[in-house]
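Bear in mind that the values in this text are calculations on the coordinates, not laboratory data. All of these numbers come straight from a predicted model, not from anything done at the bench. When we count neighbours, we look across all protein chains shown, and the Cβ atoms used for this are built from the backbone with ideal geometry, even at glycine.
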Ligand SMILES: [Zn+2]
C-alpha cells in the first residue's frame, strides 16, 4: 500500500492520506466477526475511507472470516467444484436444485447458507455427485450429460489414485509397526529366557549350598549338639 494524495470528500481539503489497518468487529447474519480492516485516513479531519483501489476489501475480509467461523467452503472452493465437473453455472444450479442467480452471486462473493454449503460439500465428493447426476439426467441434454458424466468419472478415477497412494502409505506404516512390535516381542522373549536361565542358576546354587551346609551339619552334628 502506498500513501495517497487526494482531496477529502468529508472536509474538502487536500492532503496525503495515511494507510491504516484497524481490527474491527461487525455483525454478519447471526455472527460477530472480527477482522483486520484497511482504510485511508484524512490527515486533516481524520475521516477513514475504504481502500480507493479496492473498495470491497473490508467486506470481503468479513465474509471470509464469517465462512471460516461457520466452517463453510470459500468462494474459490465452490467455483473449483463446478469447474472440475466441467459444468456451467446454469447446469450446476439445475442439478443442485438452486437458482442460477444464487450460484452466480455466491461465485461473485455473496454469502451462502448452511443448506447450500451442505449441497456444495456433498458435490465435492465425485461419487456422491455422480449419483445425483444420474438422478437429474433429464435436466441436461444427452450431449451435456455425457460430457459431465465423463468429467465426473475422471474425478472418481483421480480420487481413486490418491486413495490408493494413501492406502499404500498406511499399509507401509502398519507393516513398520508390525516389524517394531515383533522386534519388541523377540527382545522380551530373550530377556525372559535370560531371566529363567539366571534364576535356574541361582536356584541350583542355592540347592547346592543348602545341600552342602546340610551335609556339613550332619557330619558335624555331634559337635554342634554339644
Ligand atoms: Zn478530511
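Here are a few things to note about the model shown:
- In the range 4-54, the DSSP beta bridges split such that about 100 percent are antiparallel, to the nearest 5.
- Gaussian network model of the chain, springs between alpha carbon atoms under 10 Å - residue of 38, 180, 67 with greatest fluctuation: 180
- Simple label model, 7 Å out from Cα along Cβ direction - residue 188 to residue 143, nm: 6.9 nm
- The chain shape via C-alpha gyration tensor axes, a/c threshold 1.5: oblate
- Of 131, 117, 91, the one that fluctuates the most in a GNM where the chain has Cα springs shorter than 10 Å: 131
- Rounded, prolate or oblate (a/c below 1.5 giving rounded, otherwise prolate when a/b exceeds b/c) for the range 4-54 by Cα gyration tensor: prolate
- Rounded to the nearest 500, the 222 nm mean residue ellipticity of the chain from helices alone is -21500 deg cm²/dmol, with -39,500 (n - 2.57) taken per DSSP H run of at least 4 residues.
- Over the range 72-174, all Cα pairs binned in 10 Å intervals from 0 give whole-percent P(r) values of 15, 44, 27, 11, 3, listed from short to long.
- Residue 23/residue 101 FRET efficiency (R0 35 Å; Cβ-Cβ; nearest 0.05): 0.55
- For the chain, modelled as a GNM whose springs connect Cα atoms under 10 angstrom apart, the maximal fluctuation among 61, 190, 122 occurs at 190.
- The chain, relative contact order in percent, only Cα pairs under 8 angstrom and at least six apart counted: 10 percent
- Using a Förster distance of 25 Å, the FRET efficiency for residue 128-residue 175 (Cβ separation, nearest 0.05): 0.20
- Remark: the Cα gyration tensor places the range 118-161 in the oblate category, a/c being 1.5 or greater and a/b not exceeding b/c.
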